[in-house]
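S.K.: Below: one structure in structure tokens.
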Amino acid sequence: MPPLFDGDNYSESKVKMTSFIQSLDYDLWYIIVFGHEMPKENVSNSRIRYNEKEKEILRLNAKAKHLLFCALNSNVFDCISSCIMAKEIWDKLEYFYGENNDEATSLCLMAKDESESESDEEDSSKEGNEVSYDDFV
């Protein structure tokens, strides 16, 4: 189980996560730190085809993303959940939670609050538009 990062003490969590990932598979660590260009989709007969090297890159990226996602609490996860590449996740975590990045962290939390607020407004507007079966008939 990876160490959990809850948004506090990023420098300690970064060291723990680095050690954890490197101990599992150094290729995962390489994908996270240096990234790799995603393979181009080769569509043939309505199926995407990748060669073995491309499949390995996709597999490592998916595994690295999974490790990182599992290591984050829901508030931190919300800030990076749209990332496609493991390196992008790692870089955003550094941007939002690294040293002297209080402003970036605040922006991430504000964006999350706005998103939740919009979702609540959508839910309440849907409630007013609901029609029961008896009203309809």
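S.K.: Hey, can you rank 67-77, 50-60 by average C-beta count inside 10 Å, highest first?
M.R.: Those peptides, ordered most packed to least, come out 67-77, 50-60.
S.K.: Show the residues, 5+ positions off or on another chain, whose built amide H is closer than 5 Å to the amide H of Phe5.
M.R.: Leu72, Asn73
Values quoted throughout were computed directly from the atomic coordinates according to the rules given, and no laboratory measurement underlies them. Nothing here was measured: the structure is a model prediction, and the numbers come from that model. Virtual Cβ from ideal backbone geometry, glycine too; neighbours counted across all protein chains shown.
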